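Some notes on the structure that comes next.
The values are calculated or read from the model by the stated rules, or taken from the named source; none is laboratory data. In this text, all values refer to a predicted model and were calculated from it rather than measured experimentally. Glycine gets a Cβ as well: all are built from the backbone with ideal geometry, and neighbour counts include every protein chain shown. In case anyone asks, the SASA skips ligands and DNA or RNA and just uses the protein heavy atoms, side chains included. Shrake-Rupley method; radii C 1.70, N 1.55, O 1.52, S 1.80 Å.
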Amino acid sequence: MSSLGALQLVLLAGLGFALLSGAVVSALTPAVLARVTPWAPDRRHRALLLWSLAPLGLGLAGLLAALLPSLVALRWPAHDHCVAHHGHVHLCFLHPPTHAANAASWMLLALAAGWFAVRSAGSLAGLLRASRVATRLLDPRHDDAALGARVLPTETPLCLLVGVVRPAVVVSAGLIAQVSQADLAVMLHHERAHAMRRDTLLRLLAGAATVLLWRPIRARLLRALTLSAEQSCDEAAGRAVGDRLLVAEVILKVERLLQMPAGLAPAAASFGGDVPARVEALLEAPRTSGTLSRPLALAALATLGLLAASDPLHHVTESLLGALTH
Amino acid sequence: MASGPIRPPLLGTLEAAVMEHLWRGGDGEAKAIHSALGARRGITVNTVQSTLKRLFEKDLLERDKVSHAHVYRPRLSREEFQHRALGELVGALMHGEADAMVSAFVELTERAGPEHLARLEALVAERRARAKERP
């Protein structure tokens, strides 16, 4: 029973730190978004990507810090401190709890596991649906070696990057017929920049790492991440063709083409997604990118602070676990 | 030919082979299809029958009962099928069903309002005109 009891305590502590880090990151995200908005898109994208991993990093660092005294005692038994603290639950591998695992706590863990399974199943179903569509878009019969893209025989004006591991550019015959060679070059440069940066894969990772954030905050964060990736690729296309204004013109041209076909437009939206923000950014002077040395130094400092506070964190965790399991 | 919804348009390997066999004018009875396709695939007549039933349920085939057996024929020509399948593929894209694995040059699921678009086009045109005026 003792090893089961220790496992229960570690799982409960892990759940607590996961929820706490989700709440902390959710609360701080609006301020982070406001802070990085004026940054160059490439730097902003790196910062937001790191921030989207923060719930995972903070939760793991908190759990590690809380377990540190027990891990140290496991390696160097002379540092075992449990003997000095009687009368409460020990988050310790040397002195695991001897009482039977608490049924209500197991129920809590089962509920958390169930919630996670339902969320994962939903995401997996979405991924499978997307994968089926992607497979059909990447039909090798549509490969156009000269263009370096797959050409989809449809009138709808489409230019896409499809796939996660080995993404490929797909353009529609309808789009090729309605734009100039220079316009097409802008779009191909933009999509190839996404492929080089592995943006689709990074977006999936960010989506998975932010699953415990408050939903509206998570949506804002992922939307800002997507916008920064789009703007980074707009800048890359602008550099490749030597004309940022042309990129803005092509974005508007494709937006206009997408508005034309009757019946193709999805649920009407009047805010225009990313188009206004992308075009307005291209009309401004390019912003100079910079490093993330300060945010990274802050993150390292916060981790060190957590580890330095491992003793009090360990005891607070034990007290809370004691209250929960009795 | 009759028209109707085709769902799901993505066919499995055996389903595609059966459709191709029928589009080429092959016999539409399960035993004949098994003789043409099944022997080299190592599958039974029952598997072919299940595949035909599935395609019938997807509204891709029609059937008549001749003696004790069903004889199947395509509801759509190959071209009609491909056209519709492509239409459904584009529809899925426009409704964001592939967003996890697809990124579009311009977002497909949200459109800029006409005023937004006109304002931005005017701004860009003005900037282009100014750029042309400069030596």
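Details
- In segment B:115-135, the residues that are more than 12 Å from A:K253 (Cα to Cα) reach residues that are open to solvent by 100 Å² or more (accessible area, probe 1.4 Å) with C-beta atoms within less than 9 angstrom, at least six apart or across chains, in these pairs: B:H116/A:F271.
- Test result for A:A121, away from chain B (no Cβ under 12 Å), open to solvent by 20 Å² or more (accessible area, probe 1.4 Å) and either assigned to a helix (DSSP H, G or I) or on the phi > 0 side of the Ramachandran plot (or both): yes
- Complete set of residues in segment A:1-32 that are within 19 Å of the chain's Cα centre (by Cα) and open to solvent by 20 Å² or more (accessible area, probe 1.4 Å): A:F17, A:A18, A:L19, A:L20, A:A23, A:V24, A:A27, A:L28, A:P30, A:A31, A:V32
- Criterion violated by A:T154 - all others in (1) open to solvent by less than 30 Å² (accessible area, probe 1.4 Å); (2) in contact with a Lys or Arg (Cβ under 8 Å, 6 or more places away or on another chain); (3) more than 16 Å from B:V102 (Cα to Cα) satisfied: (2)
- Listed by position, the helices (runs of 4 or more DSSP H) contained in segment B:38-135 that have at least 3 residues being open to solvent by less than 60 Å² (accessible area, probe 1.4 Å) and facing chain A (nearest Cβ under 7 Å) are B:78-94, B:114-133.
- Pair list, Cβ under 6 Å, 6 or more apart: segment A:205-216 residue in a helix (DSSP H, G or I), other residue of a type in the set (S, T, Y): A:A206/A:S52; A:A209/A:S52
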